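Before any comments, here is the structure.
The values are calculated or read from the model by the stated rules, or taken from the named source; none is laboratory data. From a predicted model like this one, the values you see are computed outputs, not experimental measurements. Cβ coordinates were reconstructed from backbone atoms using ideal geometry, including for glycine residues, and neighbour counts include every protein chain displayed. We work out accessible area using only protein heavy atoms, side chains counted, and drop any ligands, DNA or RNA first. Shrake-Rupley method; radii C 1.70, N 1.55, O 1.52, S 1.80 Å.
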Amino acid sequence: MSLVVQTLADGLVLGGIYALAAVGFSLIFGVLHVINLSHGILVLIGAYLALVTSQALGVDPLLTIPAVMAVLFGAGYAYQRLLIQRAVDRSPLGSMLLTFGVALMLQNIMIWVFSPDMKSITPSYAFASFSVAGITFDAVRVSALAASLVLLLCLALLLKFSPLGRVIRATAQQTLAAQLCGVNVKHVYALTFAVSAAFAGAAGIVIGVILPFSPADEALWTMNAFVVVVLGGVGSPAGALLGGLLLGIVNTLTAQYVGPSFPNVTMFLLLVLLLLVRPNGLLGNAFSASR
Amino acid sequence: MKRSPALVPLLIVAAALVLALGPFVLPPFYVRVGQLMVYSAGLAVAWAILGGFAGYASFGHAAFIGVGAFAAGLVENQFSALAPGLLLALGLAVGGGACAVLSAAVAYPILRLRGTFFSIAMLGVCHVCAEVNNNVDFFQGSMGINFPPLAPASMDPADFFFWLYLAAGTIVMLIAWLIWRSRFGAGLLSIREDEDTARMLGVPTERYKRLAFVISAVLTGLLGVIYAHALGYITTDSVYRDDTNLNLIVFSLLGGMGTLFGPVIGAFLLVFITQVILGRLLDFHLFATGLLLVLLVLGAPGGVLGVVRGWRVRRRAATAPAE
């Protein structure tokens with residue numbers, strides 16, 4: 001019994017982090033209708049930046065989050081304005097392949113700079129753990145989960161209450177109508193991209209704290225984001241959270257009860273089945289474009 | 001410009017015969033590059049029957065290479081006493097059959113998805129096949145399968161497989177041409193242009209899409225069987241390759257998406273660029289492919305053939321007012 005509860009608890013912790021890693025992907029898809037296959041790379045850039053800065057300055061990796069987010073915000077804005085904007089209005093396959101090309105190039109650059117080996121960020125409290133009612137929690141994982149929940153909440157508030165959030169939501173609902181009301185759509189697209197790049201970077205730091213990472217992982221994080229978004233629905237932090245938690249639980253349950261090499265199988269089966277049965281996601285807004 | 005209908009297949013066969021002289025004149029390294037070129041061209045055309053003609057760009061066709069290769073290998077090892085020629089025929093039949101069954105089973109649900117969703121779902125199918133193949137002991141994916149040598153003792157295996165690929169590629173090309181000029185092919189093109197309108201006008205879109213999917217999958221599987229024999233020993237990782245999944249799209253994009261000869265041109269060009277020009281710079285391959293992809297999407301979405309067509313149109317526009 002306690003094994004089941006422990007597995008579920010591990011799944012929830014992992015799921016919170018999946019949610020943070022996917023929320024930017026979801027936002028870009030919801031607003032720009034671009035499938036950003038370089039999302040995983042943005043996540044990894046965050047992880048490597050945190051690795052470098054926390055080693056150089058000797059600070060806790062989670063404290064580098066604001067700085068890394070600022071850097072990726074700028075990079076994301078430029079990336080969208082310079083490259084993606086040129087492909088946004090073409091076929092969806094075109095923009096998808098464009099981001100894939102960028103992902104390949106950046107992955108290659110990462111291999112040159114950081115070597116293809118596994119790296120990990122080890123904070124001072126790496127091996128501490130505590131237990132509540134017989135269930136063990138690692139201090140690292142819990143702090144990572146807390147960080148990702150706080151960030152998700154911030155994003156939700158930003159989208160709901162700030163002027164920027166209102167403009168982003170308006171553009172997502174009706175691009176043309178937003179444009180008629182005086183919204184500079186290109187600017188909003190770029191800001192949306194910048195926000196989601198920043199959150200991808202933050203997710204990278206959180207991931208780097210709990211898991212080892214290497215340049216080849218980018219595809220995994222992109223696919224994870226895709227599955228989370230298909231599960232939860234597009235464009236909202238709540239959908240990403242639901243999808244992330246579900247994916248986390250499914251992954252740990254299969255690893256525990258079917259076999260450690262099977263989470264990928266169940267993840268992709270889940271992806272294919274959900275696309276077929278419920279393309280709107282469980283919370284059911286967008287993705288109607290899949291039919 | 002009007003062409004007689006027999007010209008295209010004659011051109012294909014003539015080009016294949018010229019290429020068949022390759023091993024007599026080329027040094028061994030270029031025969032190997034040629035092998036890869038012809039194999040890639042065959043795959044690119046098989047992919048394009050669905051991806052180019054009907055506009056359903058699959059991101060998971062390596063699934064059929066893998067399923068074909070493993071099905072053939074598992075059966076061939078039960079009948080290893082047969083003569084090599086019979087064994088290859090058996091392997092091709094089993095591999096093609098397995099791909100036909102798999103693709104027919106997957107086709108109905110997955111072809112309901114459109115655009116990028118179809119692409120990603122196919123990637124999912126490919127990964128599920130690969131993981132199952134790798135983790136279920138019966139399929140021997142992680143341990144690997146040996147294939148009996150096929151080439152006659154008097155012949156260099158590299159030359160032998162070059163000709164085998166060439167024959168297979170020519171057949172795939174002729175099949176693609178037959179489809180291209182048939183009513184079925186016109187139906188596929190109409191699906192690419194506007195599926196809903198095509199359906200409204202009475203094109204049996206569902207049936208056509210499924211048929212194109214199965215044909216494409218079987219041809220890919222047959223090439224996969226030959227590929228497995230050329231390698232001699234395969235594991236899951238050597239046939240279910242994500243770079244194959246990607247390259248199949250890049251071939252068509254580079255040559256000209258949705259054309260008959262575009263995929264062949266794209267495959268020849270890309271293999272030549274990566275193997276010969278960048279052959280020494282292995283660290284650079286990912287970057288070069290990525291850069292090419294970016295430049296193609298931004299600069300020449302119609303590929304090589306699109307650029308050529310653009311020149312022609314512009315030249316005609318330039319000469320027209322003078323008349």
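Computed quantities for the displayed model
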{"read-out": "Breaking point among (1) crowded, with 20+ Cβ neighbours inside 10 Å; (2) free of Cβ contacts under 8 Å to residues at least 60 places away in the same chain, for residue B:304", "value": "(1)"}
{"read-out": "Residue B:66, sole failed condition from (1) touching a strand residue (DSSP E or B) at 6+ places or on another chain (Cβ under 9 Å); (2) surrounded by fewer than 17 Cβ atoms within 10 Å (Cβ to Cβ); (3) not β-branched (Val, Ile, Thr)", "value": "(2)"}
{"read-out": "Hey, residue A:286 surrounded by fewer than 24 Cβ atoms within 10 Å (Cβ to Cβ), at pLDDT below 85 and more than 30 Å from residue A:118 (Cβ to Cβ) or not", "value": "yes"}
{"read-out": "Verdict on residue B:182 being closer than 29 Å to residue B:26 by Cα and of a type in the set (S, T, N, Q)", "value": "no"}
{"read-out": "Odd one out for residue A:212, checked against (1) under 29 Å from residue B:113 (Cα atoms); (2) open to solvent by 40 Å² or more (accessible area, probe 1.4 Å); (3) over 14 Å from the mean Cα position of the chain (by Cα)", "value": "(1)"}
{"read-out": "Candidate set: the stretch B:107-129, residues that are more than 9 Å from chain A (Cβ to nearest Cβ) and either β-branched (Val, Ile, Thr) or open to solvent by 20 Å² or more (accessible area, probe 1.4 Å) (or both); chosen: the one nearest to residue A:277 (Cα to Cα)", "value": "B:108"}
{"read-out": "Qualifying position, being farther than 17 Å from residue B:172 by Cα and open to solvent by less than 10 Å² (accessible area, probe 1.4 Å), among B:60, B:42", "value": "B:60"}
{"read-out": "Options B:220, B:197; residue that is assigned to a helix (DSSP H, G or I) and open to solvent by less than 10 Å² (accessible area, probe 1.4 Å)", "value": "B:220"}
{"read-out": "Residue count for the stretch B:264-279, restricted to those that are touching a residue at least 12 places away in the same chain (Cβ under 8 Å) and within 14 Å of chain A (Cβ to nearest Cβ)", "value": "3"}
{"read-out": "Subset of the stretch A:30-61 (residues that are farther than 14 Å from residue A:198 by Cα and among the aliphatic types (A, V, I, L, M))", "value": "A:31, A:32, A:34, A:35, A:37, A:51, A:52, A:56, A:57, A:59"}
{"read-out": "Failed item, numbered, when residue B:154 is tested on (1) more than 10 Å from chain A (Cβ to nearest Cβ); (2) in contact with a Phe, Trp or Tyr (Cβ under 7 Å, 6 or more places away or on another chain); (3) of a type in the set (Ser, Thr, Tyr)", "value": "(2)"}
{"read-out": "Every pair of residues 6+ apart whose Cβ atoms lie under 9 Å, when the first sits in the stretch A:163-178 and is closer than 12 Å to residue A:27 by Cα while the second is open to solvent by 40 Å² or more (accessible area, probe 1.4 Å) and in a helix (DSSP H, G or I)", "value": "A:165/A:157; A:165/A:158; A:168/A:158; A:169/A:160; A:171/A:179"}
{"read-out": "So residue B:170, is it part of a helix (DSSP H, G or I), within 19 Å of the chain's Cα centre (by Cα) and closer than 30 Å to residue B:138 by Cβ", "value": "no"}
{"read-out": "Residues being open to solvent by 30 Å² or more (accessible area, probe 1.4 Å) and under 21 Å from residue B:144 (Cβ atoms) - total across the stretch B:71-97", "value": "10"}
{"read-out": "Tally, over the stretch B:265-289, of residues that are at pLDDT 85 or above and open to solvent by less than 30 Å² (accessible area, probe 1.4 Å)", "value": "4"}
{"read-out": "Among residues of the stretch B:280-323, those that are within 14 Å of chain A (Cβ to nearest Cβ) and either farther than 24 Å from residue B:248 by Cα or not in a loop (DSSP other than H, G, I, E, B) (or both), counted", "value": "20"}
{"read-out": "Members of the stretch A:170-183 found to be of a type outside the set (A, V, I, L, M, F, W, C) and closer than 23 Å to residue A:99 by Cα, listed by number", "value": "A:171, A:175"}
{"read-out": "So residue A:40, is it more than 14 Å from chain B (Cβ to nearest Cβ), within 18 Å of the chain's Cα centre (by Cα) and part of a helix (DSSP H, G or I)", "value": "no"}
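Conditions tested, residue by residue: (1) modelled with pLDDT of 80 or more; (2) over 30 Å from residue B:286 (Cβ atoms); (3) within 14 Å of another protein chain (Cβ to nearest Cβ).
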| site | (1), (2), (3) |
| --- | --- |
| A:106 | yes, no, yes |
| A:109 | yes, no, yes |
| A:116 | no, no, yes |
| A:120 | no, no, no |
| A:127 | no, yes, no |
| A:130 | no, yes, no |
| A:143 | yes, yes, no |
| A:150 | yes, yes, no |
| A:154 | yes, yes, no |
